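The values are calculated or read from the model by the stated rules, or taken from the named source; none is laboratory data. No experiment lies behind these values; they were computed from the predicted model shown. Here the Cβ positions follow ideal geometry from the backbone for every residue, glycine too, while neighbour counts run over all protein chains shown.
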Amino acid sequence: MDARSEESADIVVTVEGDCATVSLTRPHVRNAQTPEMWNQLAEIGRSMSDDVRFVVVRGEGEDFSAGLDRQALAGPMIDQLRDDPHPFIAAAQTGFAVWSNIPQTVIAQVQGNAIGAGFQLALASDVIIAASNARFAMRETSLGLVPDLGGTGALVDAIGYRRTFALCATGNFLSADQAHQWGVVHQVADDASAAVTALLDQLRGVDPGALGDLKALLRTVARDQQSWDAERDVQLRRLAALFGSAPT
């Protein structure tokens with residue numbers, strides 16, 4: 001089958017047959033994410049071809065994604081959050097919500113660290129395949145913030161309120177094996193790429209319409225689609241407390 005690719009400085013999209021691979025390509029900073037990358041993710045998801053049935057989201061190098069690039073927490077980003085955080089948070093959420101809303105089956109292939117926004121990007125997928133060295137954490141409270149990219153609803157769906165609270169409050173890491181036992185991860189494999197390939201081969205035997213409708217059905221009944229507004233409202237309160245102003 002023909003293969004084609006589209007590249008930006010931070011994300012590479014390669015389409016081969018019925019599968020698109022979305023790769024975070026900042027291994028020098030552990031694939032830490034920027035607001036520009038969230039805009040790119042939103043556009044990639046919105047423009048996904050109908051010929052694509054599957055999307056694999058992955059990170060180059062040793063880590064899936066170490067979360068928000070701390071260097072982004074300066075200058076224009078801080079100014080936006082201080083002046084009017086509503087559009088900024090809404091735009092950021094779109095880069096994650098898009099993977100829940102598109103009809104394609106989205107598989108996150110995770111190795112190394114998936115922290116904060118990295119963990120939430122994995123949680124935006126339909127299936128997570130983890131390498132044995134993968135580990136997951138929500139570290140937003142260390143910044144005085146809360147997760148606001150869809151991760152809270154997805155986690156509560158998977159592991160319940162109490163485990164989610166403890167995980168987000170402490171910032172502790174969740175190992176691949178523990179994430180599998182708790183139902184966050186579908187499979188742990190020494191070779192995550194081979195495991196993803198095997199899953200794709202299996203899913204190709206499922207009727208495309210049934211697979212798309214199954215995703216639509218399960219996303220409708222899952223609570224994670226209802227977490228976006230709540231996350232945004234709470235984050236606005238946190239930002240107001242941090243910056244000393246009232247949320248609007």
Wholly enclosed helices (runs of 4 or more DSSP H) of region 102-208 bearing at least 3 residues closer than 26 Å to Arg46 by Cα, within 17 Å of the chain's Cα centre (by Cα) and not β-branched (Val, Ile, Thr): 117-123, 151-159
Meets criteria (more than 18 Å from Val55 (Cβ to Cβ), in contact (Cβ under 8 Å) with a residue 24 or more places away in the chain and within 19 Å of the chain's Cα centre (by Cα)) for Ser227: yes
Matching residues in region 25-57 - criterion: being more than 22 Å from Ala90 (Cβ to Cβ) and buried (at least 23 other Cβ atoms within 10 Å of the Cβ): Asn31, Val55, Val56
Hits in region 140-156 (condition: over 12 Å from Ser65 (Cβ atoms) and either touching a His at 6+ places or on another chain (Cβ under 6 Å) or crowded, with 21+ Cβ neighbours inside 10 Å (or both)): Glu140, Pro147, Asp148, Gly150, Gly151, Thr152, Gly153, Ala154, Leu155
Residue, farthest from Gly17 (Cα to Cα), within region 35-53, restricted to residues that are in a helix (DSSP H, G or I) and over 14 Å from the mean Cα position of the chain (by Cα): Glu36
Residue list for region 57-92, restricted to those being over 16 Å from Asp10 (Cα atoms) and among the β-branched types (Val, Ile, Thr): Ile78, Ile89
In region 125-139, residue farthest from Asp69 (Cα to Cα) [restricted to those that are surrounded by 24 or more Cβ atoms within 10 Å (Cβ to Cβ) and of a type outside the set (Val, Ile, Thr)]: Ala130
Complete set of residues in region 1-25 that are at pLDDT 95 or above, more than 16 Å from the chain's Cα centre (by Cα) and not in a strand (DSSP E or B): Gly17, Asp18
Exclusive hit being at negative phi and touching a residue at least 60 places away in the same chain (Cβ under 8 Å), set Pro85, Pro35, Pro76: Pro85
Top-ranked residue of region 219-234 - restricted to ones that are of a type in the set (A, V, I, L, M, F, W, C) and surrounded by 11 or more Cβ atoms within 10 Å (Cβ to Cβ), ranked as farthest from Pro147 (Cα to Cα): Ala222
Test: residue in region 68-88 that is modelled with pLDDT of 95 or more, in contact with a helix residue (DSSP H, G or I) (Cβ under 7 Å, 6 or more places away or on another chain) and more than 24 Å from Ala131 (Cα to Cα): no
Those residues of region 54-86 which are farther than 20 Å from Ile44 by Cβ and part of a helix (DSSP H, G or I), in sequence order: Arg70, Gln71, Pro76, Met77, Ile78, Asp79, Gln80, Leu81, Arg82, Asp83, Pro85, His86
